[in-house]
Amino acid sequence: MMDEQIFPPARILGIESSCDETSAAVIANGREPLSIVTATQIEMHAQFGGVFPEVASRQHIKTVYGVIEQALQQAHMSLSDVDAIAVTLGPGLAGSLVVGVNAAKGLAVASGLPLVGVNHLEGHIYSAWLRPPEMADLPPAPQFPLLALLVSGGHTELNLITNHLEYQRLGGTLDDAAGEAFDKVARLLGLPYPGGPSIQEAAKNGNPRTFQFPRSMLEGTWNFSFSGLKTAVLRAVQNFKNDPENLPVNDLAASFQTAVVDVLVSKTLAAAKAYGAKEILLAGGVSANAALREGFRKHSPIKVNIPDLSYCTDNAAMIAAAGYFRFVAGHVSDLDVDVLPNLSLS
């Protein structure tokens, strides 16, 4: 077991390219951001209504070294000033992952620095350890045991975290991830990609009680299912096929969002109670959703750790943070390490 009070100091260069964000960051001691630089591709993929893998990987190739150079300059460092290079191995798009991993390997060979492979989901978890940009001092570190809800476009799962780098997967989605459901429902409603922010914006002017959409609780398990909810929204939209001009987009968005939040919050709180968690940790891209954040703050009887909005979407700061804890635990990767597109947290 690792005691946070005796961790040695180290500065980690993190590289993230698992999907459509090319990001590099320098993080000190797993918590202190010295620099973060991210090149986004959102506008590029919006025309496709989602991430186009080949386009994403080509764009990573164009930007990765420039982003890394900017991150080092922003931290007022050269490569010789960092202690290790952390990079996302997976999960993610194979072509995108390869770009970041190859860049990290090249830098490691040239500099002699250790290479630390990081699970992207683990990175989201360790975003909760990072100091928010607007805070002068470090906030208290999350306390174990933690009940973590990882909720993103590709993953929705509950994990019990008993100590650093120690995870027990309790359950996950049986079909669509929550973020995937947001994207699909946004398309049904004619809202732009990415769906999460679009639905959140539309829901601000909607009545969440207009449509009584189902809440699939899957009693007796810690699993999730959102396919039935997505189908219910589709049927509601089809009821207006002869009158599309009067489709109540805002009410549909608000009702859908509320159903998702109800399920995520209630199952997470129940699991936290069942496993005696001291705190809850919310992480992943969907953790940026204001209704979800408010739902946890309003209903949780224990502390909820919610990363700063700047750390919710894919970024290299979280990869460097997770990489730090792996590095000080002696987890260094060989230079022949390969990408793992389907890598699981457990």
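The values are calculated or read from the model by the stated rules, or taken from the named source; none is laboratory data. Remember, it's a predicted structure, so these values are computed and weren't measured experimentally. Here the Cβ is made from the backbone with ideal geometry for all residues, glycine too, and neighbour counts use every protein chain on show. What goes into the accessible areas is simple: the full protein's heavy atoms, side chains included, and nothing from ligands, DNA or RNA. Shrake-Rupley method; radii C 1.70, N 1.55, O 1.52, S 1.80 Å.
Our coupling estimate for region 107-118, obtained by passing each phi through the Karplus curve with A = 6.51, B = -1.76, C = 1.60 and θ = phi - 60°, is 5, 5, 5, 5, 9, x, 6, x, 9, 10, x, 10 Hz, Gly and Pro reported as x.
Computed from the C-beta positions of Leu218 and Val55, the FRET efficiency with R₀ = 35 Å rounds to 0.45. Using C-alpha pairs below 8 Å separated by at least 6 residues, the relative contact order for region 1-72 is 31 percent. Each of Tyr167, Gly123, Ala274 was placed along the dipole of the chain (beta-carbon charges, centred on the mean Cα), and the one lying farthest toward the positive end is Ala274.
Relative to the longest principal axis of the Cα atoms of the chain, the long axis of helix 178-188 lies at roughly 50 degrees. Measuring only protein heavy atoms, the 1.4 Å probe finds Tyr65 accessible over about 130 Å². Within the straight-line cut-off of under 27 Å between alpha carbons, the lysines reachable from Lys62 are Lys105, sequence neighbours fewer than 8 places apart in one chain being disregarded.
Net charge within 11 Å of Ser344 by Cβ-Cβ distance, Lys/Arg positive one each and Asp/Glu negative one each, not counting Ser344 itself?
Around Ser344, the surrounding residues sum to -1.
When Trp222, Trp129 are compared by accessible area of protein heavy atoms, the largest-first order is Trp222, Trp129, using a 1.4 Å probe.
Applying the Kirkwood pairwise sum to the alpha-carbon positions of region 98-244 produces a hydrodynamic radius of 18.8 angstrom.
Distances between placed amide hydrogens fall under 5 Å for Ala86 paired with Leu13, Gly14, Ile15, Val116, all partners being 5 or more residues away or on another chain.
For the options Gly220, Gly295, Gly206, a Gaussian network treatment of the chain with springs between C-alpha atoms closer than 10 Å singles out Gly220 as fluctuating the most.
If you run the Gaussian network model on the chain, springs between alpha carbon atoms under 10 Å, then out of Pro145, Pro91, Pro301 the most flexible one is Pro301. When the chain is treated as a GNM with alpha-carbon contacts under 10 Å, the residue of Ala28, Ala272, Ala141 showing the greatest mean-square fluctuation is Ala141.
Under a 5 Å amide H cut-off, with hydrogens placed 1.01 Å from N, Ser152 pairs with Ala178, Gly179, Val286 among residues at least 5 apart or on other chains. Put Ile319, Ile302 in order of accessible area, highest first, and with a 1.4 Å probe you get Ile302, Ile319.
Please report, largest first and rounded to whole Å, the three semi-axes of the ellipsoid equivalent to region 22-158, where each semi-axis is the square root of five times an eigenvalue of the C-alpha gyration tensor.
24, 22, 15
Karplus-derived 3J(HN,Hα) values for region 42-52, using 6.51 cos²θ - 1.76 cosθ + 1.60 with θ = phi - 60°, are 4, 4, 5, 8, 4, 5, 8, x, x, 6, 9 Hz; glycine and proline are entered as x.
Each Cα pair under 8 Å and six or more residues apart adds its separation to the average, and for region 269-339 the resulting relative contact order is 29 percent.
For Leu34, the residues 5 or more places off, or on other chains, whose built amide H falls under 5 Å of its own are Val26, Ile27, Ala28.
Across the chain, Cα pairs under 8 Å and at least six residues apart give a relative contact order of 25 percent. In region 1-133, the DSSP beta bridges split such that about 60 percent are antiparallel, to the nearest 5.
Taking every DSSP bridge with both residues inside the chain, close to 60 percent are antiparallel.
At a 1.4 Å probe radius, which order do Thr63, Thr156, Thr40 fall into by accessible area, largest first?
Descending order: Thr40, Thr63, Thr156.
Multiplying the residue separation of Glu43 and Ile6 by 0.36 nm and subtracting their alpha-carbon distance yields 8.9 nm.
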